[in-house]
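K.L.:
Below: one structure in structure tokens.
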Amino acid sequence: MIWWNIYFCIYTVIMVFATIGFFVSFSSLKLGDWIGIILFISLYLSTYAYVFNKKSILETKWWATIFWVNIILLVEGLLDLYILNGAIENALPFLKSGLTVTNNEVILNTLLTLPALYATYLLGNIQNFSTKAKK
């Protein structure tokens with residue numbers, strides 16, 4: 001469980017820097033960026049709820065919904081970037097970001113997001129969370 005506390009601290013630092021970056025580039029943000037911010041906040045909230053055993057923040061079905069929305073958009077982003085070469089962004093321009101990111105930043109973001117997604121999955125799966133709470 002100590003690893004989750006360390007991860008939460010790292011995620012908190014990232015959240016602080018992301019908030020600063022948000023205010024710096026506020027005028028150039030598009031709808032896709034706002035969706036990303038909302039999803040980032042939801043993952044941060046789920047990590048908090050998992051680490052500090054606060055599952056009651058949201059119901060199980062909401063955690064499951066947050067998990068699947070994040071998975072779908074993560075897969076969409078990775079497919080668009082690495083396989084489809086922007087075809088989804090061109091077809092659905094509202095998903096386009098106003099910020100420029102490199103492939104390395106996308107990979108780092110994905111790696112840092114995976115534990116938060118796992119925590120969200122556990123919160124959305126009542127059996128796994130109750131098993132963790134008993135330990």
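The values are calculated or read from the model by the stated rules, or taken from the named source; none is laboratory data. Not measured: the values here are computed from a predicted model. Positions of Cβ are generated from backbone atoms using ideal geometry, with glycine treated the same way; all protein chains shown enter the neighbour counts.
K.L.:
Can you tell which of Val69, Val75 is among the β-branched types (Val, Ile, Thr), surrounded by fewer than 14 Cβ atoms within 10 Å (Cβ to Cβ), modelled with pLDDT of 80 or more and assigned to a helix (DSSP H, G or I)? Talk me through it step by step, then tell me what you get.
P.N.:
Numbers: Val69 fails: surrounded by fewer than 14 Cβ atoms within 10 Å (Cβ to Cβ).
Checking each option against the conditions leaves just Val75.
K.L.:
On to the next question. Go through (1) surrounded by 12 or more Cβ atoms within 10 Å (Cβ to Cβ); (2) modelled with pLDDT under 75 and name the single condition Ser28 misses.
P.N.:
(1)
K.L.:
So, one more: Regarding Phe8, is this residue surrounded by 14 or more Cβ atoms within 10 Å (Cβ to Cβ), in contact with a Gly (Cβ under 7 Å, 6 or more places away or on another chain), part of a helix (DSSP H, G or I) and not polar (S, T, N, Q)?
P.N.:
When the stated conditions are applied, Phe8 does not pass them.
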